[in-house]
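A.B. asks: Structure provided below as structure tokens; questions to follow.
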Amino acid sequence: MCLAVPGRVLDVEDRDGTRMATVDFGGVVKEVCLEYLPDLKPGEYAIVHVGFALQKLDEESAKRTLELFETLGLLQEEFADPWEAAEAELSEWQTQDDVHGEARP
Amino acid sequence: MKYIDEFQNPDLARRLLDEIRAAVTRPWALMEVCGGQTHSIIRHGIDQLLPPEIELIHGPGCPVCVTPLEMIDKALEIAMRPGVIFCSFGDMLRVPGTGRDLFQVRGQGGDVRVVYSPLDALRIAEENPEREVVFFGIGFETTAPPNAMTVHQARKRNIRNFSLLVSHVRVPPAIDAIMRSPDCRVQGFLAAGHVCSVMGTAEYPDLARRHRVPIVVTGFEPLDVLEGVRRTVLQLERGEHTVENAYQRAVTAEGNPAAQAMLSDVFEITDRAWRGIGAIPDSGWRLSERYRDHDAEYRFSVEGIDTREPAECRSGEVLQGLLKPNECEAFGTTCTPRSPLGATMVSSEGACAAYYLYRRLDGATPGRRPAASARMTSGTPSPATASLEGSPLA
């Protein structure tokens, strides 16, 4: 949850009095609230946390972090179905437990 | 140099380590506050790359871990109520309350939904006017502003069936409490970068001065952590104790003023209990009087819940940096991520989970990379190799 992901603003609109944007996170597109960064413009990058843009970021830093997150599968994990993720995690830990069990004397 | 080749810029990492080695003349204990930093440190074996004089102590910077058990139990109780749609971030699903978790509550018929953003929970409330929609508002200064804005929007748009179960916490009072503890060994802090991207650095100079402790704002990628350590050690060796910003690409001195203004409007500062640590004065937020209608604790009577901490869980000591996860008797035996005693073992940012994932099974076991099949859990802050090539590490 603490993971704030850099994203690139695609377009900005005023929706019911709230400044919103569509933001591209390395291929995953989400609705993001711009109320805390109202001057953000299409093409610019920002650190986004739980659907809110919180701080501008330069393009180079943003792209580097995004590439990194993508390589590591973090983007998919961040935006994947959480119930499926939790179930997958349980079975993953089962495997880990077995590995640890063998490792313990 | 067991791990250093895994850094995307190993040359820069080597240079930083050489500088740290050259500067150190005596032992220093530094605390990294952010759970993302902890995972980065353990994953990359940064603690083992550093000269032996430098000890990294893991701090209380995991929002899931520090949420008090009583609050988890209140969440579980509300989530079981008929007519309630309980919304949460995915991180909270497997955090154990007394006897169960949100995952199990859904299995027992509770309508638990996971959202990406608190605004998604507000939309659910709008679409289900006959239901009560409750969002579990946990987290530090990074997460509190989105939740504050959501309550503000609910008020503005007159969405009355939306409420927030608030358990927000603030980092500076926790640093203060850690420094005041008679057992405290911390001599320098790596402050949490994303918290500062919202709050700026204004809260820290007073803490640094009063406790004569250097505070260096630090990111969570491996090279960020090394740079934070380097700057903290240089200050300690010179006998200085100031606030430095080593994460300038994401943190400005003033932070995000709009977010700070919304926090002050929607929330007020209150004492808050931290799981395993206890009450810390002024360390949290609750909804201010004006927004009380949207406070789930007022709307649902959830007092009198029988909350019991498992006696064998020592996560409180882990969160205060008094105990390393693998020094706990339950670690990896009666407590595993599949069957956790406390949140530090199940949270993607928890110190115990980091030690478990990276096989720090006992104090003598050097950290190893996990098997290829092992992966970090959803929402994990960068467990990554750094990619700051050419970066000023600012």
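A.B. asks: Looking only at the stretch B:228-252, how many residues end up being more than 15 Å from A:Leu57 (Cα to Cα) and open to solvent by 10 Å² or more (accessible area, probe 1.4 Å)?
C.D. replies: So the answer is 13.
A.B. asks: Also, quick follow-up: Looking at the structure I just gave you, is B:Val24 of a type outside the set (Lys, Arg), more than 26 Å from B:Arg131 (Cα to Cα) and under 16 Å from the mean Cα position of the chain (by Cα)?
C.D. replies: On the way: of a type outside the set (Lys, Arg): yes; more than 26 Å from B:Arg131 (Cα to Cα): yes; under 16 Å from the mean Cα position of the chain (by Cα): no.
No: the conditions fail for B:Val24.
A.B. asks: I'd like the full set of residues that are crowded, with 17+ Cβ neighbours inside 10 Å and assigned to a loop (DSSP other than H, G, I, E, B), limited to the stretch B:83-99.
C.D. replies: B:Phe89, B:Leu93, B:Arg94, B:Val95, B:Pro96, B:Gly97 - these are the residues of the stretch B:83-99 that are crowded, with 17+ Cβ neighbours inside 10 Å and assigned to a loop (DSSP other than H, G, I, E, B).
A.B. asks: Filter the stretch B:195-222 for residues that are within 11 Å of chain A (Cβ to nearest Cβ) and among the hydrophobic types (A, V, I, L, M, F, W, C) and give the result.
C.D. replies: If the condition is that a residue be within 11 Å of chain A (Cβ to nearest Cβ) and among the hydrophobic types (A, V, I, L, M, F, W, C), then B:Val195, B:Cys196, B:Val198, B:Met199, B:Phe220 are the ones that fit.
A.B. asks: I need a count of the residues in the stretch B:282-331 that are under 15 Å from B:Pro68 (Cβ atoms) and in a loop (DSSP other than H, G, I, E, B).
C.D. replies: Residues meeting the conditions: 10.
A.B. asks: Let me ask you something else. Just for the stretch B:2-45: of the residues that are assigned to a strand (DSSP E or B) and in contact with an Asp or Glu (Cβ under 9 Å, 6 or more places away or on another chain), which one is surrounded by the most Cβ atoms within 10 Å (Cβ to Cβ)?
C.D. replies: Filtering first and then ranking leaves B:Cys34.
A.B. asks: Taking the condition closer than 30 Å to B:Asp18 by Cα, more than 14 Å from every other protein chain (Cβ to nearest Cβ) and open to solvent by less than 10 Å² (accessible area, probe 1.4 Å), does B:Ile57 pass? Break it down stepwise before answering.
C.D. replies: Values: closer than 30 Å to B:Asp18 by Cα: yes; more than 14 Å from every other protein chain (Cβ to nearest Cβ): yes; open to solvent by less than 10 Å² (accessible area, probe 1.4 Å): yes.
The answer is yes for B:Ile57.
A.B. asks: Any idea which residue in the stretch B:120-145 is farthest from the other protein chains (Cβ to nearest Cβ), counting only those that are open to solvent by less than 30 Å² (accessible area, probe 1.4 Å) and in contact with a Gly (Cβ under 8 Å, 6 or more places away or on another chain)?
C.D. replies: B:Ala144
A.B. asks: Here is a follow-up. Inside the stretch B:332-351, can you point out the residues that are open to solvent by 20 Å² or more (accessible area, probe 1.4 Å) and in a strand (DSSP E or B)?
C.D. replies: Answer for the stretch B:332-351, where residues must be open to solvent by 20 Å² or more (accessible area, probe 1.4 Å) and in a strand (DSSP E or B): just B:Ser339.
A.B. asks: With the structure loaded, tell me whether B:Leu223 is at negative phi, part of a helix (DSSP H, G or I), hydrophobic (A, V, I, L, M, F, W, C) and under 21 Å from the mean Cα position of the chain (by Cα) or whether it fails that test.
C.D. replies: Yes; evaluated as a whole, the condition is true for this residue.
A.B. asks: Separate question: Residue check: is B:Leu12 within 14 Å of another protein chain (Cβ to nearest Cβ) and either farther than 18 Å from B:Phe189 by Cα or of a type in the set (A, V, I, L, M) (or both)? First the steps, then the outcome.
C.D. replies: Details: within 14 Å of another protein chain (Cβ to nearest Cβ): yes; either farther than 18 Å from B:Phe189 by Cα or of a type in the set (A, V, I, L, M) (or both): yes.
When the stated conditions are applied, B:Leu12 passes them.
A.B. asks: Give the stretch B:122-145 a look and list any residue that's of a type outside the set (Asp, Glu) and within 13 Å of the chain's Cα centre (by Cα), or say none.
C.D. replies: B:Ile138, B:Gly139, B:Phe140, B:Thr142, B:Thr143, B:Ala144
A.B. asks: Something else now. What's the number of the condition B:Leu236 fails, among (1) away from chain A (no Cβ under 11 Å); (2) part of a loop (DSSP other than H, G, I, E, B); (3) not β-branched (Val, Ile, Thr)?
C.D. replies: Of (1) away from chain A (no Cβ under 11 Å); (2) part of a loop (DSSP other than H, G, I, E, B); (3) not β-branched (Val, Ile, Thr), only one is false for B:Leu236: (2).
A.B. asks: Would you list the strands (runs of 3 or more DSSP E) that sit entirely within the stretch A:1-64 and hold 3 or more residues that are more than 10 Å from chain B (Cβ to nearest Cβ) and surrounded by 18 or more Cβ atoms within 10 Å (Cβ to Cβ)?
C.D. replies: Result: A:5-15, A:18-25.
A.B. asks: Restricting to the stretch B:102-119, what's the tally of residues that are more than 10 Å from chain A (Cβ to nearest Cβ) and under 25 Å from the mean Cα position of the chain (by Cα)?
C.D. replies: Looking only at that region, the number is 2.
A.B. asks: So which residues in the stretch B:199-221 are open to solvent by 30 Å² or more (accessible area, probe 1.4 Å) and under 18 Å from B:Cys184 (Cα atoms)?
C.D. replies: Answer for the stretch B:199-221, where residues must be open to solvent by 30 Å² or more (accessible area, probe 1.4 Å) and under 18 Å from B:Cys184 (Cα atoms): B:Arg209, B:Arg210, B:His211, B:Arg212.
A.B. asks: Of all residues in the stretch B:152-163, count the ones that are within 13 Å of another protein chain (Cβ to nearest Cβ) and crowded, with 24+ Cβ neighbours inside 10 Å.
C.D. replies: The total comes to 1.
The values are calculated or read from the model by the stated rules, or taken from the named source; none is laboratory data. This one's a predicted model, so the numbers in the text were calculated from it and none came from an experiment. Neighbour counts run over all protein chains shown; Cβ positions are idealised from the backbone, glycine included. Note: accessible area is taken over every heavy atom of the protein model, side chains too, but ligands, DNA and RNA are not part of it. Shrake-Rupley method; radii C 1.70, N 1.55, O 1.52, S 1.80 Å.
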